[in-house]
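Everything below concerns the one structure shown next.
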Amino acid sequence: DQQVKQNSPSLSVQEGRISILNCDYTNSMFDYFLWYKKYPAEGPTFLISISSIKDKNEDGRFTVFLNKSAKHLSLHIVPSQPGDSAVYFCAASPNNAGNMLTFGGGTRLMVKP
Amino acid sequence: ETGVTQSPTHLIKTRGQQVTLRCSSQSGHNTVSWYQQALGQGPQFIFQYYREEENGRGNFPPRFSGLQFPNYSSELNVNALELDDSALYLCASSLVQGPRYGYTFGSGTRLTVV
């Protein structure tokens, strides 16, 4: 039972263009959503998060959008850079659940120069 | 002291053996959690420790156990290893409980069970 799904295993984008990574969830108890980036041989690195009381959070080139009614969130990267090439994981957590994150399967982003 | 350090980086064990993986959290981070990441999948939550007590557990059998020490280090122990335990094991620490500020992950220990 996958509660967090990333349906696109890979995405290829030209440098300078927008990258949109999508994530769907099924558990209505999820209250916080996070995006992590992972390079090979490194641990996941926290990028950005959003609370369920918001529908948008922006941090530099990264913006996360949350559509609670559709149980869908997306990460926009504008403009995309070759250094953004990595595997991106979305993760979700119920309120007051400490560090228990439920991760999606990841999307490999390739930004071509 | 910054960053989360895990040791060893790679490990090969035989089915049925026991293994101990170690994690050194960032100074002051009193919450540590462990995740298992199988090949091609996202990390799966194993358990969390807060001030040396386990206070959350995922869908893993009791042969997965842990310890957290006062010096911000922790251990993951796995008994009676099975082939399916082959995975990357990640440790994550945070200063406070709750997901709002994200967690700092180590680079992981790659465990291969043969």
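Taken together, the values in this text are just the output of simple stated rules run on the coordinates, not laboratory data. The model shown is predicted, which means the values in this text are computed figures rather than measured ones. Positions of Cβ are generated from backbone atoms using ideal geometry, with glycine treated the same way; all protein chains shown enter the neighbour counts.
Numbers at a glance
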{"item": "Reachable aspartates and glutamates from A:Lys54, criterion Cα separation under 19 angstrom, eight or more residues apart if same chain", "result": "A:Asp24, A:Asp31"}
{"item": "Student exercise, the protein assembly as shown dipole from Lys, Arg, Asp, Glu Cβ charges, in Debye to nearest 20", "result": "380 debye"}
{"item": "Cross-link pairs beyond the 22 Å C-alpha cut-off, checked among A:Lys5/A:Lys37; A:Lys56/A:Lys112; A:Lys37/B:Lys13", "result": "A:Lys56/A:Lys112; A:Lys37/B:Lys13"}
{"item": "For chain A: relative contact order, % (alpha-carbon pairs under 8 angstrom, 6 or more apart)", "result": "37 percent"}
{"item": "Cross-link partners of A:Lys38 among aspartates and glutamates (Cα-Cα below 13 Å; sequence separation of 8 or more within a chain)", "result": "A:Asp84"}
{"item": "Average silhouette area of region B:12-100, convex hull of alpha-carbon atoms, in square nanometres", "result": "5.9 nm²"}
{"item": "Relative frequency of Cα-Cα separations exceeding 30 Å in the protein assembly as shown, percent", "result": "23 percent"}
{"item": "Inverse of mean 1/r across different Cα pairs in chain A, Kirkwood, Å", "result": "14.1 Å"}
{"item": "Rounded to the nearest 20 debye, dipole of region B:38-103 from Cβ charges on Lys, Arg, Asp, Glu", "result": "260 debye"}
{"item": "Computed label-point distance, nm, for sites B:Asn71 and B:Asn55 using a 7 Å Cα→Cβ extension", "result": "2.4 nm"}
